[in-house]
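Q: Below is the structure I would like to discuss, written out as structure tokens.
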Amino acid sequence: MAIFGLGVVISVILLAAFLVTVGSTVFFTGRGEPGSLSMHAVLLLAGYPADIFTGAAKALLYTLVPAAFVAAVPARLIDAPDAADARWLLLATAVFVGLAVTTFSLGLRRYTSGSAWGRG
């Protein structure tokens, strides 16, 4: 039960960080579609077993759209606990949290610097 609970918490943090990262692109592009599309991409790709993907699709599943780290890796940890899988999941989560904080901070700074509001 502890592995399940930790897997859920870590996966939720990873998913939230990914969505914040992609959603923060609206600060730079002015368009909000990537945030919506990224959630759909994760849901779609997480519904398939990670083992059916190969090559570039598998690389995409573990990096750009971390659907494997949201669904397949935590499920694999419950089925067959492995320290290496747990470390990869934690590393991916840390990377996406770092990206989310950085992207949001830079985007918010850009947004507020271009604001028409001023002291007057």
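Read-outs: derived from the displayed coordinates by stated rules, not from any lab. If you're wondering where the values come from, they're calculated on a predicted model, not measured in any experiment.
Q: Between helix 83-113 and the chain, what is the angle of the helix's C-alpha long axis to the longest principal axis, kept within 0 to 90° and rounded to the nearest 10?
A: 10 degrees
Q: With a cut-off of 8 Å between alpha carbons and a minimum separation of six or more residues, what is the relative contact order of the chain in percent?
A: In percent, rounded to a whole number, it is 40.
Q: Separate question: Report the convex hull volume per residue for the chain, counting only C-alpha atoms, in Å³.
A: With only Cα atoms used, the chain gives 114 Å³ per residue.
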